[in-house]
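Just below is one structure, and these are the notes that go with it.
Only the coordinates and a few stated rules stand behind these numbers; no lab work does. Since the model is a prediction, treat every value here as computed from it, not as a measurement. When we count neighbours, we look across all protein chains shown, and the Cβ atoms used for this are built from the backbone with ideal geometry, even at glycine.
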Amino acid sequence: MKFCSRYDREIAAITLPAIAANVAEPLLGLADTAIAGHLGSEAFIGAAAVGAMLLNVIYWHFEFLRMGTSGTTAQAFGAGDNTALAASLKRGLRLALVLAVAVVALQVPLRRLALWVVGPSDAVGALAGTYFDIVVWGAPAVLMTMVIKGWLLGMQDARAAMTISIGVNVLNVLVSLVAVYALDMGFTGIAVGTLTAVWAGLAYSLALVWRKYHSVLRAHQSASTAPRLSLGRFFMTNADIFVRSFFMMAVTLFFTSAGAREGDTILAVNSLMVQLFLLYSYLMDGIAFAGEAVVGKYHGRGDEKAVGDTIARLFFWATLGTVPVVAAYALLPHPIYSLLTDVETVVETAMDYRWWCAAVPVVGMAAFVWDGVFVGLTRTRGMLVAVATAAGAFFILYFTLPEAWGNHRLWTAFIAFLSLRSLVQTLLMARKRV
């Protein structure tokens, strides 16, 4: 295969803007962490992380809105089915709105339950609760924008999704800075900036989609008469992703909770390292999104040879992208941590865990790539099997290892979690099962 084959060009057309968009996503968390890290107390760092985590746990349950929309849209795009394209977006938006209204209505019990499970200190818990109570009102905007991004990706239009993500995050940083410092709102200003940005992002997303694809969306009459089987397939395809999210949530929630019970300093350290992991994961998700779009397109056309060739190139580019990240995390940890906080005790403690930070990309790369491929093929059962197996191993290993290991026990279990996700999905794909 040529170095710059048509598959490489198609992957690049999705990957480059998708990486730009996905790197913007963790920048929201990094910006919030950096602003909180300069407010003078480690409690603000932990509160920003816990508050955002509470919402992310909820939103991760609805990740099927984006992933399912992306996979089915890509296949419809490959098949040239405009009716299915219109139906995919509209039913996704309707479902997202219904789910978001439920989240807002249940915000109080959700917040209390999540804080009880995580168990942060009183100072961190109070601040995290304030953050949650403000930002949760952006749930409709977040979930509906999630659907729109998935649809645009399936339409092979990663550039449009990129403009949405970058716009939201730039606005978030600007409004947060103004609210925190110019308006003297303190920690609350971080939440106000995030809430403002997500609603502005939805308004822009809707306008963009209508401007570029109104001819497709006008197929709403024929789309509304599409067989009910299509809607049933939509839910069946995404049910596995929904259940998978529970296992992902269990690991994430326990990870944060275990760190919080080690004290505010360890919670802050883990928060910094998790932000760096998210930075890498969104980088890899850019390649995975190319898998969703390009693999889905060829699968919709019935061209399985092109599917196989695309997968090979996806792994090539993922490997190439992982090397510099590992090098940076291993060789430049202190400068990187210092960018995120000026609390010296947090930076020095984080140095004890720098090798875990560098190991994460190595063991987790394949899991990210396979997720994109499985979504494009709508083989979501394999994703569920892999995460369920890895989550089980995570908890077994954590409670088996000596307590004397402290926070290193937690990171050992997390590395095992990522490793098993990669291994199980590789085996399933090799055997062409689930």
Legend entry - Burial ordering of 356, 210, fewest other beta-carbon atoms within 10 Å first: 210, 356
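Counting only trypsin sites (Lys or Arg not before Pro) that sit in a DSSP loop (anything but H, G, I, E, B) with at most 13 other Cβ atoms within 10 Å, what is the longest stretch of the chain containing none of them?
Numbers: sites that count: 2, 218, 261, 431, 432, 433.
The answer is 3-217.
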Inset, instruction - Determine the calculated [θ] at 222 nm for the chain from helices alone, applying -39500 (n - 2.57) to every DSSP H run no shorter than 4 residues and normalising by the residue count; nearest 500 deg cm²/dmol. - result: -29000 deg cm²/dmol
Inset, instruction - Name the residue farthest towards the positive end of the dipole of segment 6-430 from the options 75, 274, 57, assuming +1 on Cβ of Lys and Arg, -1 on Cβ of Asp and Glu, about the Cα centre. - result: 75
Inset, instruction - First check a/c for segment 237-293, with a ≥ b ≥ c the square roots of the eigenvalues of its C-alpha gyration tensor; if it is under 1.5, answer rounded, and if not, answer prolate when a/b is larger than b/c or oblate otherwise. - result: oblate
Legend entry - Residue among 370, 392, 294 farthest towards the positive dipole end of segment 284-393, charges placed on Cβ: 294
Inset, instruction - Find the centroid of the Cα atoms in segment 161-188 and in segment 53-78, then give the distance between the two in whole Å. - result: 25
Legend entry - Dipole magnitude of segment 6-430, debye to nearest 20 (Cβ charges: Lys/Arg +1, Asp/Glu -1, about Cα centre): 1760
Inset, instruction - First check a/c for segment 96-209, with a ≥ b ≥ c the square roots of the eigenvalues of its C-alpha gyration tensor; if it is under 1.5, answer rounded, and if not, answer prolate when a/b is larger than b/c or oblate otherwise. - result: oblate
Inset, instruction - Classify segment 67-145 as rounded, prolate or oblate, taking a ≥ b ≥ c as the square roots of the eigenvalues of its Cα gyration tensor: rounded when a/c is under 1.5, otherwise prolate if a/b is larger than b/c and oblate if not. - result: prolate
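Could you list 299, 334 in order of exposure, starting from the residue whose Cβ has the fewest other Cβ atoms within 10 Å? Before the final figure, lay out the partial values.
Values: 299 23, 334 12.
Taking fewest neighbouring Cβ atoms as first place, the list is 334, 299.
Under the 0.36 nm per residue contour assumption, what length would be gained going from the current alpha-carbon distance of residue 355 and residue 320 to full extension? Provide the component values of the computation, followed by the final result.
Numbers: separation 35, 0.36 × 35 = 12.60 nm, distance 2.01 nm.
Contour length minus Cα-Cα distance gives 10.6 nm.
Looking at the chain, I'd like the Rg to Rh ratio, where Rg is from alpha-carbon atoms and Rh is Kirkwood's inverse mean 1/r.
Details: Rg = 21.0 Å, Rh = 22.0 Å.
Taking Rg over the Kirkwood Rh, I get 0.96.
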Legend entry - Most mobile of 165, 422, 215 in a GNM of the chain (Cα contacts under 10 Å): 215
